[in-house]
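Contents: one structure, followed by commentary.
The values are calculated or read from the model by the stated rules, or taken from the named source; none is laboratory data. Keep in mind that this is a model prediction, so the values were computed, not measured. Using ideal geometry, Cβ is built from the backbone for each residue, glycine included, and neighbour counts are taken over all protein chains shown. To get the accessible areas, we keep the full protein, side chains included, count just its heavy atoms, and leave off ligands, DNA and RNA. Shrake-Rupley method; radii C 1.70, N 1.55, O 1.52, S 1.80 Å.
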Amino acid sequence: MSVHERRLDSEITERRLLQSTVEVARHVFAAAAASVFLVDQETGELVFEAVSGEGEQHLVGTRFAPGTGIAGWVAASGQPMVADEVAAVPQFAHDAAESTGYVPRSIMAAPVIRQETCIGVLEVLDRSATWRGDLADVDLLAMLAAQAAYGLELLIRLREAEAALPARPVDEDVHELLQRISDRVPRNGRAADPTALKLLAVAEELLH
Amino acid sequence: MTQPPWRRERREHFPGVPAWSLATSQLAPEEFGVSRLEDVTREWAWGDNGSGPADGAGVRVCVLDTGVDAGHPRVGGLERSLVVADDDGDLAIVDCDPVDPAGHGTACAGLIRSIAPAVSLTSVRVLTDGRSGSGEALLAGLRWAIEEGFDLVNLSLSTTRSKFLPTLHELADRAYFRRCVLVASAHNMPVVSFPWTFSSVISVASHDEPDPMTYYYNPAPPAEFYARGVRVPVAWSGGKEIRSTGNSFAAPHITGICALILSRHRWLTPFQLKTVLYLAASNVVASKGDAHVRA
């Protein structure tokens, strides 16, 4: 396996770790959605890195301005917070919430802390009312945030390592490349990604 | 003989251990030995002395947070509104419009006002850029508040950065000796942070009962008191109100109660104030001539 393949492979593992944290968070709170934001250390923006539930199809990669809403305050202060009955409050970054396609009634959010820095925020929208009690909810959320910290830390390390790697060599043996592509095309009649197929067709034309 | 709570080995901080609050509606605070100074009661501390109950008049409180929306009906006006501004690397405290882009500071100020209606509130915005790395702004704001001679400073925030530890320690001690009492919320996460862990401040975590004047002494610090912190109705930006949970909202309850006590007993030192707070705590006050809790 080449260094680039290992890189792709581990990106998948690290994404899955983060994704599994938000899945667990959504399910233990029987919530509408759970997500992890990364705090961009340059700009202070919040970036969706993993989403379970409402918006999971399209939110990853979406950015919010620094200090936006509950998640913004949690990132700035490093303190978790639970806010109920937020729907009527314009300040709750209503615009940001609407841009995600979902306006929640309640939000709970905890900072994701790596060493001494807040690197992200774990947020749970519209948890169910249950027997747990609010203090237990905050404790549980904080513990899940500690898990998310490991997931996010691995992802950050991976990206740092990636940035340090040399670009893929252009004089790579084309036959090895074709072999790798061939290995990835699904067999047993399952359809491959249509965009990838189109690009391969273009490549074939160019090689004429 | 088993160790009393305050001699118990302090538990390790590591991820996976719940933080500091206590669900007192389900779990009774543990028993501990109490030596009472019999004259101090809630009545003495802030009750009606013939000219009405204590209201915080004459006490100046500084809220270090995200700013405060002075126009919010629950806030009831500010003495001053300031922000820590970055002037080419030099941090300066300058006057600013009384606004709160995040809502959190407004919530804290409204809670203090709800307990001590006549108190004077000043806001210093130290959380500005959406990142937790702005501990420098917190230090600058805190230093300013201590020099300005506020009686109480509400700190519903903390920093996890150890590089700020020595300076914060020094500032907290300075505040203590200048009779500027720092009321700090305990971190809701099982992480090491400051200044709430210092003995020179009054640190507050949450209980989960609805009465704003119910608070408990915790015989196993560093979080010394539990105050209302669950589903608290709080002011938020835009003249709105939400219900919010977190130690951030427990600390302003104790700040408000301290303002009541100081408005009635002007010359209490910080250690006396903490003593009065302790003696008037819901699990320490005498009941039928006896303390609620003993060894």
Of the conditions (1) of a type in the set (Lys, Arg); (2) closer than 19 Å to B:Ala70 by Cα; (3) out of contact with any Lys or Arg (no Cβ under 7 Å at 6 or more places or on another chain), B:Arg143 fails just one. Which one is it? (2)
A:Ile107 being within 10 Å of chain B (Cβ to nearest Cβ), within 19 Å of the chain's Cα centre (by Cα) and either more than 21 Å from B:Ile242 (Cβ to Cβ) or at pLDDT below 80 (or both): no
Meets criteria (crowded, with 18+ Cβ neighbours inside 10 Å, outside any strand (DSSP E or B) and at pLDDT 90 or above) for B:Phe198: yes
Please find, within the range A:113-134, the residue that is nearest to the chain's Cα centre (by Cα) out of those that are at the interface with chain B (Cβ under 10 Å from one of its Cβ atoms) and open to solvent by less than 20 Å² (accessible area, probe 1.4 Å). A:Ile119
If the requirement is being open to solvent by 30 Å² or more (accessible area, probe 1.4 Å) and assigned to a strand (DSSP E or B), which of these qualifies: B:Arg174, B:Arg243, B:Arg179? B:Arg243
Restricting the range A:1-22 to residues that are open to solvent by 60 Å² or more (accessible area, probe 1.4 Å) and either modelled with pLDDT of 65 or more or in contact with an Asp or Glu (Cβ under 7 Å, 6 or more places away or on another chain) (or both), the residue that is farthest from A:Met108 (Cα to Cα): A:Arg7
Taking the range A:62-86 as the region of interest, how many residues are among the charged types (D, E, K, R) and farther than 17 Å from A:Glu45 by Cβ? 2
Taking the range B:8-31, which residues are over 18 Å from A:Ala146 (Cα atoms), under 24 Å from the mean Cα position of the chain (by Cα) and either modelled with pLDDT under 80 or of a type in the set (A, V, I, L, M) (or both)? B:Arg10, B:Leu22, B:Ala23, B:Leu27, B:Ala28
Residues that are open to solvent by less than 10 Å² (accessible area, probe 1.4 Å) and within 14 Å of chain A (Cβ to nearest Cβ): which strands (runs of 3 or more DSSP E) entirely in the range B:46-134 hold 1 or more of them? B:60-65
Tally, over the range B:151-171, of residues that are outside any loop (DSSP other than H, G, I, E, B), within 14 Å of chain A (Cβ to nearest Cβ) and over 25 Å from B:Cys258 (Cα atoms): 4
Here is a check on your reading of the model: is B:Pro212 open to solvent by 20 Å² or more (accessible area, probe 1.4 Å) and at pLDDT below 95? no
Hey, B:Ser203 of a type outside the set (Val, Ile, Thr), open to solvent by 30 Å² or more (accessible area, probe 1.4 Å) and at pLDDT 95 or above or not: no
Quick test for you: out of A:Val60, A:Val51, pick the one residue that is open to solvent by 30 Å² or more (accessible area, probe 1.4 Å), of a type in the set (A, V, I, L, M), within 19 Å of A:Ile119 (Cβ to Cβ) and under 10 Å from the mean Cα position of the chain (by Cα). A:Val60
Output the residues belonging to the range A:28-73 that are part of a loop (DSSP other than H, G, I, E, B) and more than 14 Å from chain B (Cβ to nearest Cβ). A:Ala30, A:Ala31, A:Ala32, A:Glu54, A:Gly55, A:Glu56, A:Gln57, A:His58, A:Leu59, A:Val60, A:Gly61, A:Thr62
